[in-house]
Amino acid sequence: MEQRHLGRTGLRVSRIGLGTLTWGRDTGEEAAAEQVKAFWEAGGTLVDTADVYGGGEAEYLLGQLVGGLVPRRDLVIATKAGSVPDPDRRFDGSRGHLLAALDASLDRLGTDYVDLWQVHAFDPATPLEETLQALDLAVSSGRARYAGLAGFCGWQLAKAATWQLAAPGVRTRIASTQMEYSLLQRGVEREVLPAALDLGIGLLPSSPLGRGVLTGKYRDGTPADSRGASESLAALVDPYLDEAAGRIVDAVVTAAQGLAVTPLQVALAWIRDRPGVVAPIVGARTAAQLAAALSVEALSLPEEICRALDDVSVPVHRYPDQDWSTL
């Protein structure tokens, strides 16, 4: 699998990442092992997790597989901290919480360091410089090799990255940002992506298949074994089952038929090759689903197909994103 630099850093990662959101909940140890082995054999390196996935079980499962099944040196392990199971405070970006969470993650992962440590979300109750200092301490102590962010809007990302760049050699450069991005969700193109491109930050798209909807499997109803039928995940899928999404899915299916490939391959190839994108994070429940995603490696979409998909899914940009004179 082709490797790409993560932002303006020396870290190289596979251009498809393996997500672990369902591990420890819908994906057990045996299925997780099958995924990691298949991913590694295909040349994949980037495995993305978080301290809250499966209540910590995702990290624990990954830790059980690293070393025995796959050499630690062959994987780029990325995890996140900052989300908390507290209805009154969803995110905790305090230095104390983040560093304690990192230590707990390392213990579950069974490793001395993570390759990429990401703040899971912006915490308005904590000064941003305090949150960012946790990243500096993690890297300077050797517990993390690189630092990233997730869920930061455009101004938050730009502020954080600029703060870090203000003291080179002292503060850790922001290597990446992880945001939802797909043909069904192009909101990052308004401000996040332009900021990332300007500041040399690599984008790691989550939900690159539109929470599974872009595979076309929901066109004739909700499959019993799908996320849309899952009690815990159905609410995530519902917003992408409206009429507007249906038109985009139809276009993806039409393109797939014309190219003699699958809708999944078309949707994933489109997002993988967007400007600024380093590696879409694919979260599969089974090894078969992962294999279908990995099969996209050899596919590059023709320019006319890309233009057609761009047109059918183009987001609405109004003031101040457009020049006022064009409105």
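What the table below lists for this structure:
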read-out	value
The chain: calculated mean residue ellipticity at 222 nm from DSSP helix runs of at least 4, using -39500 (n - 2.57)	-11000 deg cm²/dmol
Vicinal HN-Hα couplings computed from phi for region 305-313 (Karplus, 6.51 cos²θ - 1.76 cosθ + 1.60; Hz; Gly/Pro x)	5, 4, 5, 5, 5, 4, 5, 6, 10
Point-charge dipole on Cβ atoms (K/R +1, D/E -1) for region 34-166, about Cα centre, debye to 20	240 debye
Highest-MSF residue in the chain out of 201, 174, 248 [GNM, Cα springs under 10 Å]	248
Once the Cα gyration tensor of the chain is diagonalised, semi-axes √(5λ) in Å	30, 25, 19
Cα-only radius of gyration and Dmax that characterise region 124-246, units Å	18.0, 55
For region 201-224 and region 104-178, distance of Cα centres in Å	28 Å
Label-reachable residues, region 103-142, where backbone N falls under 11 Å from a point 7 Å from residue 86's Cα toward its Cβ	125-126
DSSP-assigned coil residues among trypsin sites (Lys or Arg not before Pro) in region 253-327, each with at most 10 further Cβ atoms within 10 Å	318
Amide H contacts under 5 Å for residue 121, placed H, 5+ residues apart	150
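Every read-out reported here was derived from the displayed coordinates using simple, explicitly stated rules and does not represent laboratory data. Owing to the predicted nature of the structure, the values given are computational and were not obtained by experimental measurement. Neighbour counts are summed over all protein chains in view; Cβ atoms, including those assigned to glycine, are modelled from backbone coordinates with ideal geometry.
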